[in-house]
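The values are calculated or read from the model by the stated rules, or taken from the named source; none is laboratory data. All values derive from a computational prediction rather than experimental measurement. With ideal geometry, Cβ positions are generated from the backbone for all residues, glycine too; neighbour counts draw on all protein chains shown.
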Amino acid sequence: MPSPPDPLGWAGYAEAHRRARDLTGKPESVTYERTVIGGVDTMVVEFDFRFLGGSVGTATGDRLVTAFSSARSAGIPVVSLVATGGSRMQEGLFSLKQLQRVAHECQLNREAGIPHIAVLRDPTTGGVWASLGAGADVIIGVSGAQVAFGGRRVRVEADHAAFTAEGQFAAGLIDTVMAPQDVPAALATWLVLLTGTSTEPADVPKSLGGQELPANGWTAVEQARGPDRPHAPAYLESYFDSYALVGGDRVGGVDPGMLCGIGRRAGRSVAFAAQAGTATRPAGYRTAARVITMADRLGIPVLTLVDTPGAANDSTAEAAGLAAAISAVFAAVAAARIPVTTLVIGEGGSGGALALAGAGRTWITPDSYFSVIGPSAAAAILKLPPESVPRLADQLHLRPQDLLRLGLVDGIA
């Protein structure tokens, strides 16, 4: 096998490279292969940490560029099995600049609608994590793996939960964590989900709750707030044959009240963003925007389930960029070329609910309401006494039948 490029004339580099080749039987730290996973033709890129710490040099960059560009030409997804310490010291800045080449290829694939799944093995550190792994559509962390931008030898704190796959998941930076033996099945599942494109809108889910329309506005509010009313998990279980969740907003936040992912229904994929009845936090909106944007890029129709009394309005939410997060969802829905189907399944409170609503494709269940704001908040804004709240509920015309009559929804599920 040939010696590696040695732009700096690093003493002993050629010999170290030869030993790595002898140890692994591979020409470089990265290999790639076109194979079939879960019935999906896939380009698999694999890092070998035994080969100089899975580091990236000039020749490694060439291999990554070839793998991603070949996948793009063939129109097939990429799976990256990452285990790396980052850039190769022996090639200096020539090595570091490979990250730009890799990031460029990843962006070209995103623009071409090529799905990318990254599996973070132990360890995943340095610029490869930042340039290749962190931008994947779905990120799977292997349990116990070290995952961090700074490697253990160079960061301020040697060990901390934040530097693990589990810590990254808890912070909303990766989608899931699993044992190594569970990864192959997860890859098969996600590859099918990410390649199930369709131009047809998602079906409107059937209502799972009460079928009687409310007699007045306050009854509509009470039904929507009822403790026995079905919530998003029940709708997802009823609607999909199977589904997988993504976790977090990729910038450090998780909102358990926003369930996002992709499911299979009648042999095709449908992405979803579902509010679970709580006040939605900035991380929830950012996660929803991420999934809607990804689905649009991959050609997957979207279903949104609206159920929130409104956006979270505490100081923590404001400091976390609440308005910008809501804006991101409005923008994602507005920019989507794929159809967005919406069903209001509970409370539809203010702009925090409207952000998820697909224009021209919004339905509501009989046990729901949709309003400019909840009646109690409306009374506070208008400086009216608490006893005026039921009357305000009527004045807001928030019942399903009112909204249909006014042309504000497309139908009652």
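List the helices (runs of 4 or more DSSP H) that sit entirely inside the range 174-254 and contain at least 2 residues that are of a type in the set (Phe, Trp, Tyr). Give the steps one after another, and end with the answer.
Values: elements: 183-194, 217-224, 232-239.
Passing ranges, in order: 232-239.
Determine whether Ile262 is free of Cβ contacts under 8 Å to residues at least 60 places away in the same chain and closer than 14 Å to Thr197 by Cα.
no
Could you please find all residues in the range 43-65 being out of contact with any helix residue (DSSP H, G or I) (no Cβ under 6 Å at 6 or more places or on another chain) and either surrounded by fewer than 24 Cβ atoms within 10 Å (Cβ to Cβ) or within 14 Å of Thr124 (Cα to Cα) (or both)?
Going residue by residue through the range 43-65, those that are out of contact with any helix residue (DSSP H, G or I) (no Cβ under 6 Å at 6 or more places or on another chain) are 44, 46, 49, 53-55, 59-60, 62-63.
Matches in the range 43-65: Val44, Glu46, Phe49, Gly53, Gly54, Ser55, Ala59, Asp62, Arg63.
If you take just the strands (runs of 3 or more DSSP E) that sit entirely in the range 5-121, which of them hold at least 3 residues that are farther than 17 Å from Ser131 by Cβ and without any contact (Cβ under 8 Å) to a residue 40 or more places away in the chain?
Details: elements: 30-37, 40-47, 78-84.
Filter on the range 5-121 gives 30-37, 40-47.
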For the range 62-94 the number of residues that are under 27 Å from the mean Cα position of the chain (by Cα) and at pLDDT below 95 is 3
Sole miss for Ala359 among (1) in contact with a helix residue (DSSP H, G or I) (Cβ under 7 Å, 6 or more places away or on another chain); (2) at pLDDT below 95 is condition (1)
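Conditions (1) under 19 Å from Thr293 (Cα atoms); (2) buried (at least 20 other Cβ atoms within 10 Å of the Cβ), marked per residue:
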{"residue": "Gly85", "(1), (2)": "no, yes"}
{"residue": "Arg88", "(1), (2)": "no, yes"}
{"residue": "Gln98", "(1), (2)": "no, yes"}
{"residue": "Arg101", "(1), (2)": "no, no"}
{"residue": "Gln107", "(1), (2)": "yes, no"}
{"residue": "Arg110", "(1), (2)": "yes, no"}
{"residue": "Gly113", "(1), (2)": "yes, no"}
{"residue": "Asp122", "(1), (2)": "no, no"}
{"residue": "Val128", "(1), (2)": "no, yes"}
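Could you list all residues from the range 341-352 that are farther than 17 Å from Tyr235 by Cα and crowded, with 24+ Cβ neighbours inside 10 Å? Break it down stepwise before answering.
Going residue by residue through the range 341-352, those that are farther than 17 Å from Tyr235 by Cα are 349-352.
Those that are farther than 17 Å from Tyr235 by Cα and crowded, with 24+ Cβ neighbours inside 10 Å: Gly349, Gly352.
Return the only residue of Glu166, Glu222 being among the charged types (D, E, K, R), farther than 18 Å from Ala130 by Cβ, surrounded by 14 or more Cβ atoms within 10 Å (Cβ to Cβ) and without any contact (Cβ under 8 Å) to a residue 12 or more places away in the chain.
Numbers: Glu166 fails: without any contact (Cβ under 8 Å) to a residue 12 or more places away in the chain.
Only one candidate passes the filter, namely Glu222.
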When the range 373-413 is checked residue by residue, the ones that are without any contact (Cβ under 8 Å) to a residue 12 or more places away in the chain and outside any helix (DSSP H, G or I) are Leu382, Lys383, Leu384, Pro385, Leu406, Gly407
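Return the only residue of Gly352, Gly358, Gly346 being touching a strand residue (DSSP E or B) at 6+ places or on another chain (Cβ under 6 Å) and part of a strand (DSSP E or B).
Values: Gly352 fails: part of a strand (DSSP E or B); Gly358 fails: part of a strand (DSSP E or B).
Result: Gly346 is the single residue among Gly352, Gly358, Gly346 that is touching a strand residue (DSSP E or B) at 6+ places or on another chain (Cβ under 6 Å) and part of a strand (DSSP E or B).
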Flagged in the range 380-413 as aliphatic (A, V, I, L, M), touching a helix residue (DSSP H, G or I) at 6+ places or on another chain (Cβ under 6 Å) and over 14 Å from Ser350 (Cα atoms), in numbering order, are Val389, Leu392, Val409, Ile412
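In the range 268-289, which residues are of a type in the set (Gly, Ala, Ser) and part of a strand (DSSP E or B)?
Ser269, Ala271, Ala273, Ala274, listed by residue number.
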Scanning the range 227-253 residue by residue, those closer than 12 Å to Thr287 by Cβ and either touching a Gly at 6+ places or on another chain (Cβ under 7 Å) or acidic (Asp, Glu) (or both) turn out to be Leu245, Val246, Gly247, Gly248, Asp249, Arg250, Gly252, Gly253
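Please determine whether any residue of the range 230-240 is charged (D, E, K, R) and either more than 20 Å from the chain's Cα centre (by Cα) or closer than 30 Å to Val44 by Cβ (or both). Talk me through it step by step, then tell me what you get.
Filtering the range 230-240 for residues charged (D, E, K, R) gives 237.
Next, from what is left, pick out any that are either more than 20 Å from the chain's Cα centre (by Cα) or closer than 30 Å to Val44 by Cβ (or both): none.
Looking for residues that are charged (D, E, K, R) and either more than 20 Å from the chain's Cα centre (by Cα) or closer than 30 Å to Val44 by Cβ (or both), one finds none in the range 230-240, hence no.
Which one is nearest to Gln90 (Cα to Cα), of the residues in the range 29-40 that are touching a Leu at 6+ places or on another chain (Cβ under 9 Å) and surrounded by 14 or more Cβ atoms within 10 Å (Cβ to Cβ)?
Residues of the range 29-40 touching a Leu at 6+ places or on another chain (Cβ under 9 Å): 29-30, 32, 37-40.
From the residues that got through so far, the ones that are surrounded by 14 or more Cβ atoms within 10 Å (Cβ to Cβ) too are 29-30, 32, 37-38, 40.
Numbers: Ser29: 14, Val30: 17, Tyr32: 23, Ile37: 36, Gly38: 39, Val40: 38 Å.
Among them, the one singled out is Ser29.
Is it true that some residue in the range 347-354 is polar (S, T, N, Q) and either at pLDDT 95 or above or out of contact with any Gly (no Cβ under 9 Å at 6 or more places or on another chain) (or both)? First the steps, then the outcome.
Residues of the range 347-354 polar (S, T, N, Q): 350.
Now drop any that are not either at pLDDT 95 or above or out of contact with any Gly (no Cβ under 9 Å at 6 or more places or on another chain) (or both), which leaves none.
No, that holds for no residue.
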Query raised in the report: What about Leu108, is it more than 23 Å from Ala145 (Cα to Cα), at pLDDT below 95 and either in contact with a Cys (Cβ under 8 Å, 6 or more places away or on another chain) or assigned by TED's automatic domain parsing to the domain that holds Ile37 (or both)?
Result: no
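Conditions tested, residue by residue: (1) assigned by TED's automatic domain parsing to the domain that holds Phe149; (2) more than 31 Å from the chain's Cα centre (by Cα).
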site: Pro4; (1), (2): no, yes
site: Arg18; (1), (2): yes, yes
site: Lys26; (1), (2): yes, yes
site: Thr31; (1), (2): yes, no
site: Asp41; (1), (2): yes, no
site: Phe51; (1), (2): yes, yes
A careful count of residues in the range 263-318 that are under 23 Å from Ile364 (Cα atoms), surrounded by fewer than 19 Cβ atoms within 10 Å (Cβ to Cβ), modelled with pLDDT of 95 or more and out of contact with any Asp or Glu (no Cβ under 7 Å at 6 or more places or on another chain) gives 1
